[in-house]
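**Student:** Here it is, the structure, as structure tokens.
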Amino acid sequence: MATDSEIPPIPPNFWGDLPEDEYYTSQGVRNTKSYFNTPNGMIFTQSFLPLDLPIKATVFMTHGYGSDTGWLFQKICINFATWGYAVFAADLLGHGRSEGLRCYLGDMEKIAATSLSFFLSVRLSDEYGNLPGFLFGESMGAAATMLMYFQSEPGTWTGLIFSAPLFVIPEPMKPSKLRLFVYGLLFGMADTWASLPDNKMVGKAIKDPEKLKIIASNPRRYTGKPRVGTMREIARVCEYIQSNFSRVTTPFLAAHGTCDGVTAPESSTMLYEKASSEDKTLKLYEGMYHSLIQGEPDENSERVLADMKEWIDERVRRYGSK
């Protein structure tokens, strides 16, 4: 039996021990990291820019629950950058290297507004203000992204991309109404308690077992139980977004696996059916799980990425600059 001293240390990055600059250069991108100060706390941000390509547009990316921008999620960022897009991402409050109680989402409007403040500082800058701008959200990050869209001035965004969005919670994943009611009797004292069942979300999200090992080794991944206020707020926000689907007028792409056990595929189909957008695209991937890009076998994730590239390239051609 191996002793603690014989257990290999977790590498600093998902790709291993190669220095970051060398890795990013090998991928054809330039990466920068910084912190952005907001009234709600400091958030960790990253940019991914193409090394040798003109920039066609900006893309602002938001990760899912318990994750961050610094592990496998950045593979999405890198792919978009290699297509000629300037990509900007931020760890949500309470996630990754941003400030805040770990994975506490008691006020998602505030959490969305915090990331949006960074995104808008770039979107409206002299450097990027005349380029098309897109919001990208994955899983719970898609719900935060939708709130950002609702909080933005009309015409701010050229398009929206949702990967396995959390707009409808599958029945097995819904928090117990009885539990939430009982905790509610404590007048908010239980809001931050990490005491709800997690329903084995990671196992339902990742199909490829080797990629599951990599994702599980993320040193910044939240592994505690969901907090009472987090699940209460996610349930509220899902209902709010569903009742406001008709407010979506911007072009969008919604992508979902039919075997997603974490966010219901109805999230994407309902958005497609009820949104007012004249330009809307729905992609359902038969047999795929929740994590379409980081967690599927390579041939599946490459198919999803190819569809996203085709969609965003066409919108840049179609709509041009602001």
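One line per residue, one yes/no per condition, for (1) within 18 Å of Phe134 (Cβ to Cβ); (2) in contact with a Pro (Cβ under 6 Å, 6 or more places away or on another chain); (3) touching a residue at least 24 places away in the same chain (Cβ under 8 Å); (4) hydroxyl-bearing (Ser, Thr, Tyr):
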residue: Glu239; (1), (2), (3), (4): no, no, no, no
residue: Ser267; (1), (2), (3), (4): no, yes, yes, yes
residue: Leu284; (1), (2), (3), (4): no, no, yes, no
residue: Ala306; (1), (2), (3), (4): yes, no, no, no
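**Student:** Does Ala235 count as within 14 Å of Val168 (Cβ to Cβ) and in a loop (DSSP other than H, G, I, E, B)?
**Tutor:** No; evaluated as a whole, the condition is false for this residue.
**Student:** May I pose another question? From (1) part of a strand (DSSP E or B); (2) within 28 Å of Val316 (Cβ to Cβ); (3) without any contact (Cβ under 8 Å) to a residue 60 or more places away in the chain; (4) of a type outside the set (D, E, K, R), pick out the condition that doesn't hold for Pro54.
**Tutor:** Against the list (1) part of a strand (DSSP E or B); (2) within 28 Å of Val316 (Cβ to Cβ); (3) without any contact (Cβ under 8 Å) to a residue 60 or more places away in the chain; (4) of a type outside the set (D, E, K, R), Pro54 comes up short only on (1).
**Student:** Now for a separate question. Please go through (1) buried (at least 21 other Cβ atoms within 10 Å of the Cβ); (2) without any contact (Cβ under 8 Å) to a residue 40 or more places away in the chain; (3) of a type in the set (A, V, I, L, M, F, W, C) for Phe48 and return the number of the only condition it doesn't satisfy.
**Tutor:** (2)
**Student:** What residue, among those in region 81-109 that are in a loop (DSSP other than H, G, I, E, B), touching a residue at least 60 places away in the same chain (Cβ under 8 Å) and of a type in the set (A, V, I, L, M), is surrounded by the most Cβ atoms within 10 Å (Cβ to Cβ)?
**Tutor:** Looking at the filtered set, the residue picked out is Leu105.
**Student:** Let me ask something additional. If a residue must be crowded, with 21+ Cβ neighbours inside 10 Å and over 17 Å from Gly159 (Cα atoms), how many such residues does region 239-264 contain?
**Tutor:** Total satisfying the criteria: 7.
**Student:** Yes or no: Glu278 assigned to a helix (DSSP H, G or I) and either more than 16 Å from the chain's Cα centre (by Cα) or in contact (Cβ under 8 Å) with a residue 24 or more places away in the chain (or both)? Before the answer, list the steps.
**Tutor:** Working: assigned to a helix (DSSP H, G or I): no; either more than 16 Å from the chain's Cα centre (by Cα) or in contact (Cβ under 8 Å) with a residue 24 or more places away in the chain (or both): yes.
No.
**Student:** Which condition does Lys225 not pass, out of (1) at pLDDT below 85; (2) part of a loop (DSSP other than H, G, I, E, B); (3) in contact with a Ser or Thr (Cβ under 8 Å, 6 or more places away or on another chain), if it passes all the others?
**Tutor:** It is condition (1) that Lys225 fails.
**Student:** Now for a separate question. How many residues are touching a residue at least 40 places away in the same chain (Cβ under 8 Å) and over 17 Å from Cys77 (Cα atoms) when one looks only at region 112-131? Full working, then the answer.
**Tutor:** Taking region 112-131 as the starting set, the residues that turn out to be touching a residue at least 40 places away in the same chain (Cβ under 8 Å) are 113-115, 117-119, 121-123, 128-131.
Cutting the leftovers down to over 17 Å from Cys77 (Cα atoms) gives us 113-114, 117, 121, 128-131.
The qualifying residues number 8.
**Student:** Continuing with this model, one more query. For Ala205, state whether it is buried (at least 18 other Cβ atoms within 10 Å of the Cβ), within 30 Å of Gly70 (Cβ to Cβ) and at pLDDT below 95.
**Tutor:** yes
**Student:** All but one of (1) crowded, with 19+ Cβ neighbours inside 10 Å; (2) in contact with a helix residue (DSSP H, G or I) (Cβ under 8 Å, 6 or more places away or on another chain) hold for Thr156; state the number of the condition that does not hold.
**Tutor:** The single condition Thr156 does not satisfy is (1).
**Student:** Out of (1) over 17 Å from the mean Cα position of the chain (by Cα); (2) outside any helix (DSSP H, G or I), the odd one out for Ser26 is which?
**Tutor:** (2)
The values are calculated or read from the model by the stated rules, or taken from the named source; none is laboratory data. A quick note: this is a predicted structure, and the numbers were derived from the prediction, not measured. Neighbour counts are summed over all protein chains in view; Cβ atoms, including those assigned to glycine, are modelled from backbone coordinates with ideal geometry.
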